[in-house]
Structure formats: C-alpha cells, structure tokens
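A short write-up of the structure that comes next.
The values are calculated or read from the model by the stated rules, or taken from the named source; none is laboratory data. Just so we're clear, the structure is a prediction, and the values are computed from it rather than from any experiment. Cβ: placed from backbone, ideal geometry, glycine included. Neighbour counts: every protein chain shown. Keep in mind that these areas ignore ligands, DNA and RNA; they rest on the heavy atoms of the full protein, side chains included. Shrake-Rupley method; radii C 1.70, N 1.55, O 1.52, S 1.80 Å.
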Amino acid sequence: MKRYIHVICAVLTCVVLYTSCMSNDDNSSATVYDDMAITGFRLTSINRLIQTKTKAGKDTAYKKALANPAVFTINQETYEIYNVDSLPYGCDTKHVLATITSKNNGQIMIKSFVGDTLSFYRSTDSIDFSKPRVLEVYTSDLKDHRSYTVELNVRQYDNSTVLWEPMTLEDLPKYDEDADNWEGKMTEAGLRKFIGEGTVEAYAFSNDNKIMVSTDDGDTWTPDSVNGDTSLLPTVSSAFISLPFGVNDSTDYQLMVGSSEKEEHLSVVWRKIAEFGYDYDPCKWVQIPIDPRNEYALPKMEHINLLYYNGLILAIGSDKNIYQSRDKGITWKISKAYALPEGFDSKDFIAFSDYEYIWIYGRDTGEVWRGIKIE
C-alpha cells in the first residue's frame, strides 16, 4: 500500500526548499543528508495512578507526575528503544510526552497501531505507548527511512505492596512455640495474662493488672517499674514486640499497644528500652502520651496485632487497615505499602511475621494467608 503521506511530505519539503532558494540572494542550495537515525529518547511527562486510603479508611487514588522516570537504551543494530529498569506499576502509558531527537534533524514519524498511517512527531503531542510503537525517521530528502520499535517496560505488579497467597492450616508455622509453656507458668504463678518476651525479660499481667517481669524464664516474677498512669495500661487487649535497639548494644526496644477501659477511642501505647548488658541500669515502662491533636494516633481496635517486618513496625486490627509507625510508636499512618489480602473476611485473627513472610490466620474462618513484600 502506497503511503501518500510520503508524497505530501516530499511536496512540502520541495516547496520550502524552493521558497528558500528564491529568497536567497546568492542562490545557495540547502544541504541534503542521506543518512538517518534516532539519537535520543526520553520521557518528559508521564503520570502514575497511586492507590491509597483516606484517614477514614476509604479507597482513593491520585495522579503523580514522575520526574526523570527511566533511562532508555537505543540499540542501533536491532533498532529497538527500551528502558532496562521498568517504570513503576500504575503508569499511564497511553498519554506520554517524549523528547525524541534524530541525526541531522531527520523527520520523525509515528506509525499507527493499525495499518500504515503515519503522523508527525511533535514533542508537545501526547503519544500512546501502551503497546510497542513504531517510529520512523526519514532522511532530509525523504527518500529513505528507518523504523525503530519503542517499548515502555512497566512493572506488572505494585512493588510497594505485599503479594498475598492463600495457604492451608498445615502451612501455618508455629507463631508462638512457647505458648503452652507460658500458659502453664502463668497459671502456676497466679498471673492473668502473658504479654511477651524479649532477649532476657518476659512480661505478664497480674490479676490486679500490674506488669510483672521475669528474668529466669518464668520461674519467678516481680513487679516491673512503670512511669505513667497505670490505669492506661492495655489490660483489655494487648500486643507486644521486642526488637534490637539500634543505638545501643545489648538492648531491646519493646513496644506494647492495646486497649484500656479508660480510653474510649484510641489505643494506648507503651514502650520500654530494656538493657541487658554488663552493669546495666533497670529501665521502666513509659507511656507514649495520648494527644487528641495527633491525627496519626493509633485507633482503638479489637484483636490488635503488632509485628516487625522488613524493618517496619506494623499494627493490624479489626478495622482491617495496616498501620505503620516510623518513629517507634509515636505516630501511626495507614500504610501505602501494605494492605490486607482482597477477600479476607475474618473478624478475629492473628498476624505475625517469621521475618521472611507475614502470616495471617483467621481464627473464626480458618483462612490462612501468607504475604511477602515485593521489592
């Protein structure tokens, strides 16, 4: 099929050249080049649709323009143009602005997805790169051309999320291997509830809701030191994690969150920096103050879980959001990087991490999910 656009381009070029010659006093002729190549390709505007949640937990989305999103390779042997590092998931590849340069200012044309129709490339026109796209670059006399195939590589999954897969109860690892052991020790010591254990110390609530501590694997218990309003301890429900404190050696950073009858709307958050090195000083539980002006306080939830995964502190509870704290428990934001699996129906569940995966087990539904952060 003849491409009539070639003829039109040739005619227009001749007219321009003829006009130029007529207006030139010394009758000099324009230089004509017989080689062609695309020499540069970069994206100048591309948007990414980002899914997130409002403070109320509702799904929402917004567009974000990416700056210098990718470096493109031009293979002059295979005539392919592509980005080795994929663009982020959710990029709008149907509406892209690109800066494309050619050798000797050769004319660049864009081939349609269907048929042989060509259109002029302009840097201000949006281009659809949702599928591999053919660009043609012409010599200045329009007698010859070369075709390049452009492909924008985009991640097919959101690398800022967790990839979930359903598992069976048989796959679920033992999330608390000492649970039965500690249950027996609680009963024997006359304590009400086991809280958790760190490197050296273990904690439990007494029947009168005091925090008890043991340093000998639960054989003996003594009241632990608390700095704050003890009526705001999470005695109704609680979750606990212990992780290495990066500032000092032989030190645990321990966090306890949960519900108190005294606080109606927010979870209470307590921390303890537990030293266990040589000649260490005893430490106290300290409450992180509840500030009504803190719009990122952790809400009160049933069946709250606390876990440490991929270097992050996460809280998961009955409102089905995953909250992330970057400041060790002071503020909690609904995470953009983590979300529960679609179709998760349990209202009474446990969540924990074995460092490689996040595991969720619905005690009321029997469903088991395993999630991994995709890098």
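When the C-alpha to C-alpha distance is required to be over 21 Å, the pairs from K111/K131; K131/K336; K262/K333; K210/K328; K193/K333 that qualify are K131/K336; K262/K333; K210/K328; K193/K333. Placing +1 on the Cβ of every Lys and Arg and -1 on the Cβ of every Asp and Glu, with nothing else charged, gives the chain a dipole about its Cα centre of roughly 2040 debye.
Accessible area of the stretch 96-224 with a 1.4 Å probe: how many percent of it is carbon plus sulfur? About 45 percent, which is the carbon plus sulfur part of the accessible surface. Ordering of 181-187, 234-240 by packing is 234-240, 181-187, highest average first (other Cβ atoms within 10 Å, averaged per residue).
Relative to the current alpha-carbon distance between N153 and K347, full extension at 0.36 nm per residue lengthens the span by 65.9 nm. Within the shell defined by Cβ-Cβ distances under 15 Å, the residues around Y82 carry a net charge of 0, with Lys and Arg each +1 and Asp and Glu each -1. For the chain, the longest principal axis of the Cα atoms and the long axis of helix 4-22 meet at an angle of about 60 degrees.
Summing charges over neighbours of E367, with a neighbour being any other residue whose Cβ is under 15 Å away from its Cβ, gives -3 when K and R count +1 and D and E count -1. The residues of the chain have, on average, 57 Å² of accessible surface per residue, using a 1.4 Å probe with all protein chains present. Using a Förster distance of 45 angstrom, determine the FRET efficiency expected from the C-beta separation of D141 and S86, and round it to 0.05. Between D141 and S86 the formula returns 0.70.
Taking every alpha-carbon pair under 8 Å whose residues sit at least 6 apart, the chain reaches a relative contact order of 12 percent. An oblate overall shape is assigned to the stretch 184-247, the ratio a/c of its alpha-carbon gyration tensor axes (a ≥ b ≥ c) being 1.5 or greater and a/b not exceeding b/c.
Under 5 Å from the amide H of L87 lie the amide H atoms of N153, V154, R155, each residue being 5 or more positions distant or on a separate chain, with H modelled from the backbone and absent for Pro and chain starts.
For the stretch 62-150, what is the charge dipole size about the Cα centre, in debye to the nearest 20, if Lys and Arg each add +1 at the Cβ and Asp and Glu each add -1 at the Cβ? My answer is approximately 260 debye.
Rounded if a/c is under 1.5, else prolate if a/b is larger than b/c, else oblate: which is the stretch 213-268, with a ≥ b ≥ c the root eigenvalues of its Cα gyration tensor? It is oblate, given that a/c is not under 1.5 and a/b is not larger than b/c.
Within the set [x] 26.0; [y] 20.4; [z] 21.3, the number that Kirkwood radius over Cα pairs in Å takes when calculated for this structure is listed as [x]. Quick one: if the Förster radius is 45 Å, what FRET efficiency do Q76 and D354 give, using the C-beta to C-beta distance and rounding to 0.05? For R0 = 45 Å, the calculated efficiency reads 0.35.
Contact order, relative form, for the stretch 99-233: 12 percent (alpha carbon pairs under 8 Å, 6 or more residues apart, mean separation divided by residue count). Most tightly packed first, judged by the mean number of other beta-carbon atoms within 10 Å of their residues, the peptides 316-328, 116-128, 204-216 read 316-328, 204-216, 116-128. Between T220 and D116, the contour length at 0.36 nm per residue exceeds the Cα-Cα span by 29.0 nm.
Rounded to the nearest 10 degrees, the inclination of helix 179-189 to the longest alpha-carbon principal axis of the chain is 30 degrees. In terms of its C-alpha gyration tensor, the stretch 136-265 has a prolate overall shape, because the principal axis ratio a/c (a ≥ b ≥ c, square roots of the eigenvalues) is not below 1.5 and a/b outweighs b/c.
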